[in-house]
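Engineer: So that we are looking at the same thing, I have put the structure below in structure tokens.
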Amino acid sequence: MELKDKVAVITGATSGIGAAVARNLGEVGTKFVLSGRREALLRNVAGELAHAEVLAGEITDPALPERLIARALEIYGRCDIVINNAGMVAAGDIASIDVDRVCEMVRVNVEGAYRMVYVALKHFQAAGGGHLINTSSVLGGKVRENVGAYCGTKHALEALTESLRMELAGTNIRVGCVAPGLVVTDLHRHLPVHPAEQQGFKTPLQPEDVARSVRFMLEQPDHVNIPRVLLLGTEQAV
Ligand SMILES: NC(=O)c1ccc[n+]([C@@H]2O[C@H](COP(=O)([O-])OP(=O)(O)OC[C@H]3O[C@@H](n4cnc5c(N)ncnc54)[C@H](OP(=O)(O)O)[C@@H]3O)[C@@H](O)[C@H]2O)c1
């Protein structure tokens, strides 16, 4: 896809991977509607870009996905790309895990993501094409102790993505997942030490590494779909 003047909705764009994807695609002239709850951060990211609207909101609000697509259509007259990226993590052992946070995570990573998926694809069907990229994780294909519920949310996202890819084969709609290993972002900001630091990684993945993969997926010729990109820092065994 030629990305200049294409329009992308990005959720989870206030920080980390979402913000990096916006900066990367901004370099080639993509236009944006950016979302996330922290409006001041969102405005900072938008301020770095030539064409970016912000629509702050809670991703589990059932009305938000449609509002995002509607805003893109209202401002730019089109929406070609959705980067469905908002997410959070809850982890811990049986004794210490915060089950309320686990349930919030299920609402954000599954319910919120699923709602965005269906709204994006209905729009792409009406428009005759588009590209949806869901942010999964290496843990969308594996499990690890103490983080099983998070793995479950990303497995759920990958299952839906793959099923929809099959359903949409032969159309102009492409669907895929980007599945990073540990990335240095705000995702673990509730923890005293980032897991990459805890594991002694000297060169963990940065959000810009994931953004390059997303751009690679989007820039394929029309007859190519990349269903999943898994990327790991070289120090990460799993
Ligand atoms: N960092 C990693 O190691 C890693 C690895 C694999 C996959 N991922 C996935 O990558 C995606 C992006 O995360 P990140 O690592 O870039 O972390 P991040 O910097 O914390 O970004 C998460 C984004 O999601 C938004 N978000 C979270 N809860 C939300 C809610 N209830 N409503 C609306 N927006 C919400 C956040 O915005 P607000 O807080 O402003 O709302 C933020 O923009 C997530 O899906 C995550 O699971 C991350």
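Read-outs: derived from the displayed coordinates by stated rules, not from any lab. Bear in mind the structure is a predicted one, so any value in this text is a computation, not a measurement. A quick note on method: Cβ atoms are made from the backbone with ideal geometry, for glycine too, and the neighbour counts reach across all protein chains shown.
Engineer: Going by how many other Cβ atoms sit within 10 Å of their own, how do T14, T234, T171 line up, fewest first?
Structural biologist: T234, T171, T14
Engineer: Mind listing the phi-derived Karplus ³J(HN,Hα) values for segment 143-148, rounded to whole Hz, using 6.51, -1.76 and 1.60 with θ = phi - 60°, and x for any glycine or proline?
Structural biologist: Using θ = phi - 60°, the values come out as 10, 8, 5, 6, 9, x Hz.
Engineer: Continuing with this model, one more query. For segment 30-45, in order, what is each residue's ³J(HN,Hα) by Karplus, 6.51 cos²θ - 1.76 cosθ + 1.60 with θ = phi - 60°, in whole Hz (x at glycine and Pro)?
Structural biologist: 6, 10, 9, 10, 10, 9, x, 8, 7, 4, 5, 5, 4, 5, 4, 4
Engineer: Sticking with this structure for a sec: Where Lys and Arg each count +1 and Asp and Glu each count -1, what net charge lies around L41 among other residues with Cβ under 14 Å from its Cβ?
Structural biologist: Details: positive: R23, R37, R38, R43, R189; negative: E39, E48, D186.
With Lys, Arg at +1 and Asp, Glu at -1, the neighbours total +2.
Engineer: Another question, if that's okay. Got a sec? Charge dipole of segment 7-231, +1 on Cβ for Lys and Arg, -1 for Asp and Glu; which of V175, G148, I17 is way out at the positive end?
Structural biologist: Looking along the dipole axis, the top candidate is V175.
Engineer: Suppose every Lys and Arg Cβ carries +1 and every Asp and Glu Cβ carries -1, with no other charges. What dipole size does segment 86-238 come out with about its Cα centre, to the nearest 20 debye?
Structural biologist: Working: 14 positive and 16 negative charges, 60 e Å.
It works out to roughly 280 debye.
Engineer: Next up: Which entries in K4/K202; K6/K154; K142/K202; K4/K122 show an alpha-carbon gap greater than 25 Å? All intermediate terms of the calculation are to be shown ahead of the outcome.
Structural biologist: Details: K4/K202 35 Å; K6/K154 28 Å; K142/K202 23 Å; K4/K122 23 Å.
Correct reply: K4/K202; K6/K154.
Engineer: Let me ask another. Check which residues have an amide H placed less than 5 Å from G57's amide H, if you skip close sequence neighbours.
Structural biologist: Those qualifying (amide H under 5 Å, at least 5 residues apart or on another chain) are G36, R37.
Engineer: Using only Cα atoms, find the angle between the long axis of helix 64-76 and the longest principal axis of the chain, and express it within 0 to 90 degrees, rounded to the nearest 10.
Structural biologist: 40 degrees
Engineer: Here is a further query. Show the residues, 5+ positions off or on another chain, whose built amide H is closer than 5 Å to the amide H of H131.
Structural biologist: The list, which skips near neighbours in sequence, is I81, V82, R174.
Engineer: Can you compute 3J(HN,Hα) from phi for each residue in segment 98-115, using the Karplus curve 6.51 cos²θ - 1.76 cosθ + 1.60 with θ = phi - 60°, rounded to whole Hz and x for Gly and Pro?
Structural biologist: For segment 98-115, the Karplus-derived couplings read 8, 5, 5, 5, 4, 5, 4, 4, 4, 5, 6, 6, 10, 4, x, 5, 5, 4 Hz, x marking Gly and Pro.
Engineer: What 222 nm value per residue comes from the helices of the chain, counting each DSSP H run with n ≥ 4 as -39,500 (n - 2.57) and dividing by all residues, nearest 500 deg cm²/dmol?
Structural biologist: Working: 8 runs with 92 residues, N = 238.
After summing the helix terms and dividing by residue count, I get -12000 deg cm²/dmol.
Engineer: If I take every Cα pair under 8 Å that is 6 or more residues apart in segment 1-101, average their sequence separation and divide by the length, what percent do I get for the relative contact order?
Structural biologist: 32 percent
Engineer: If we sort 154-165, 40-51 on the protection proxy, mean other Cβ atoms within 10 Å, highest first, what's the order?
Structural biologist: Descending packing order for the listed peptides: 154-165, 40-51.
Engineer: Where does each of 30-39, 59-68, 210-219 land if you order them by average Cβ count within 10 Å, highest first?
Structural biologist: Numbers: 30-39: 22.8, 59-68: 17.8, 210-219: 19.6.
Sorting 30-39, 59-68, 210-219 by mean packing, highest first, produces 30-39, 210-219, 59-68.
Engineer: Provide the convex hull volume over Cα atoms per residue for the chain, in Å³.
Structural biologist: Working: hull volume 27.8 nm³, N = 238.
It comes to 117 Å³ per residue, whole-number rounded.
Engineer: Still on this structure, please answer the following. Using alpha-carbon pairs under 8 Å, 6+ residues apart, how would you state the relative contact order of the chain in percent? Walk me through the numbers before you get to the answer.
Structural biologist: Values: 466 pairs, mean separation 48.0, N = 238.
It rounds to 20 percent for the chain.
Engineer: Would you mind checking which residues have amide H under 5 Å from V33's amide H? H placed 1.01 Å from N; only 5 or more apart, or other chain.
Structural biologist: A8, V9, I10, E53
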